[in-house]
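Since the structure comes first, as structure tokens, the remarks are kept for the end.
The values are calculated or read from the model by the stated rules, or taken from the named source; none is laboratory data. Only a predicted model underlies this, so the values are computations on that prediction, with no experimental measurement involved. Ideal geometry is used to build each Cβ from the backbone, glycine not excepted, and the neighbour counts take in all protein chains shown.
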């Protein structure tokens with residue numbers, strides 16, 4: 001198993017340690033996961049899959065909770081910001 | 001205690017009562033609207049808000065189509081929060097026998113002046129790519145629309161108030177009797193006419209009314225813009241709506257302006273508790289996944305229930321009640337009250353001012369329930 005995983009967040013390459021969640025990659029690359037309907041930036045609050053604030057699109061699938069999904073090589077992650 | 005005097009008191013501030021109050025106040029009647037809860041807080045808030053022409057019977061077609069035309073006339077005045085969107089209805093045929101029904105329906109609507117189009121399997125797949133690709137086809141009814149009903153009720157009540165109507169919320173009506181309306185808090189109204197538009201609560205005030213609560217479930221999803229673009233209903237929907245005894249589910253999905261989707265539908269008699277029924281809910285969702293497999297991967301935010309006011313002959317009760325000469329009924333709209341509210345109010349107002357109605361009122365007259373008893 002490699003020590004590092006490279007994926008893309010909003011088209012930008014980002015490298016995280018193996019075993020890190022997508023939320024980590026998003027924090028490094030974009031700073032926040034999504035914007036609320038009133039335009040506020042949102043990110044992981046609970047870190048345990050309850051608050052749904054860390055949702056991103058992963059490989060085309062919307063509303064994935066980035067704090068619950070491990071980063072994988074070549075993942076395409078999109079924030080809506 | 002003092003008595004409040006009005007030309008008309010409307011009991012119930014759901015969409016039907018709201019529309020009646022609006023219409024009567026625009027006929028220059030001095031109107032009061034009374035509701036124990038909120039404006040648009042009962043079945044009005046629980047339902048989908050589908051403005052739809054239906055062909056279960058000639059009478060139902062006439063009332064739903066007439067009402068839909070009134071919504072189209074009203075549309076320029078509706079505020080943005082009513083979210084009126086003419087997304088059209090797709091009646092989906094799962095197989096060839098249902099496709100025959102599509103053809104029949106197309107002809108039926110066409111003969112009555114409503115343009116629809118028949119979609120082949122390929123055309124349907126292009127319009128709604130998330131639907132299972134092996135559907136036989138569909139009927140597109142382009143003038144059907146969706147709205148957000150609680151805001152529509154609020155708008156209609158506000159318009160009634162602009163014409164002088166007064167709204168009394170939070171007081172439960174205890175009794176309606178010959179133009180007198182008594183609330184449990186002691187408030188008393190006296191009116192030339194009283195309109196019982198209390199939905200499933202109507203029989204508690206007009207005791208011989210045969211209206212049963214018919215429970216329904218809905219689910220709302222997170223935002224998935226353009227996941228579906230039309231209100232999509234299985235053609236078997238009427239079979240579900242028809243079933244008089246058994247619990248039934250039918251696939252019915254609606255895109256909201258927010259990108260969310262409402263997923264329905266279920267129908268249950270004899271279920272008097274408002275709790276979500278897990279077995280019915282899962283049956284309802286499985287049915288939806290059969291039509292749109294991708295729905296199974298969407299997030300649901302909330303599930304809830306509501307109660308439709310169902311009559312034995314599946315038509316609403318609109319007009320004078322033979323047992324009380326000052327009482328008019330506007331209830332029993334089952335799952336079509338959002339659509340038919342405006343037509344109901346127009347029929348009622350025409351009756352009150354003695355004008356010739358634009359559609360035949362007879363099929364909806366409450367007196368028919370007495371005739372049924374005679375023939376039974």
Inset, instruction - Would you check if there is a residue in the stretch B:190-204 being away from every other protein chain (no Cβ under 14 Å), out of contact with any helix residue (DSSP H, G or I) (no Cβ under 7 Å at 6 or more places or on another chain) and modelled with pLDDT under 95? - result: no
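What do you reckon, is residue B:81 exposed (fewer than 15 other Cβ atoms within 10 Å of the Cβ) and assigned by TED's automatic domain parsing to the domain that holds residue B:255?
Working: exposed (fewer than 15 other Cβ atoms within 10 Å of the Cβ): yes; assigned by TED's automatic domain parsing to the domain that holds residue B:255: no.
No; evaluated as a whole, the condition is false for this residue.
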Legend entry - Sole exception among (1) assigned to a loop (DSSP other than H, G, I, E, B); (2) under 20 Å from the mean Cα position of the chain (by Cα) for residue B:164, by number: (2)
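Would you confirm, using the coordinates I've provided, whether residue B:357 is more than 14 Å from chain A (Cβ to nearest Cβ) and assigned to a loop (DSSP other than H, G, I, E, B)? Step through it out loud before you land on a result.
On the way: more than 14 Å from chain A (Cβ to nearest Cβ): yes; assigned to a loop (DSSP other than H, G, I, E, B): yes.
The answer is yes for residue B:357.
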Inset, instruction - Count, please, the residues in the stretch A:52-81 that happen to be loosely packed, with under 15 Cβ neighbours inside 10 Å, within 13 Å of chain B (Cβ to nearest Cβ) and assigned to a loop (DSSP other than H, G, I, E, B). - result: 2
Legend entry - Segments classed as strands (runs of 3 or more DSSP E), wholly inside the stretch B:255-338, with at least 3 members that are within 14 Å of chain A (Cβ to nearest Cβ), in contact (Cβ under 8 Å) with a residue 60 or more places away in the chain and farther than 29 Å from residue B:189 by Cβ: B:300-310
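On the given criteria, is residue B:13 assigned to a helix (DSSP H, G or I) and under 17 Å from the mean Cα position of the chain (by Cα)? Reasoning before the result, please.
Numbers: assigned to a helix (DSSP H, G or I): no; under 17 Å from the mean Cα position of the chain (by Cα): yes.
Spelling it out, it is not the case that residue B:13 is assigned to a helix (DSSP H, G or I) and under 17 Å from the mean Cα position of the chain (by Cα).
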Inset, instruction - Identify the single condition in (1) touching a helix residue (DSSP H, G or I) at 6+ places or on another chain (Cβ under 7 Å); (2) surrounded by 20 or more Cβ atoms within 10 Å (Cβ to Cβ) that residue B:284 does not satisfy, given that it satisfies every other one. - result: (1)
Inset, instruction - Would you confirm whether any residue within the stretch B:349-366 is in contact (Cβ under 8 Å) with a residue 12 or more places away in the chain and more than 22 Å from residue B:69 (Cβ to Cβ)? - result: yes
Inset, instruction - Give the residue, chosen from B:249, B:233, B:219, that is touching a strand residue (DSSP E or B) at 6+ places or on another chain (Cβ under 8 Å), free of Cβ contacts under 8 Å to residues at least 40 places away in the same chain and either in a strand (DSSP E or B) or closer than 30 Å to residue B:322 by Cα (or both). - result: B:249
Inset, instruction - Those residues that are modelled with pLDDT under 95, under 21 Å from residue B:45 (Cβ atoms) and more than 14 Å from chain A (Cβ to nearest Cβ), I need them from the stretch B:219-249; list them, please. - result: B:241
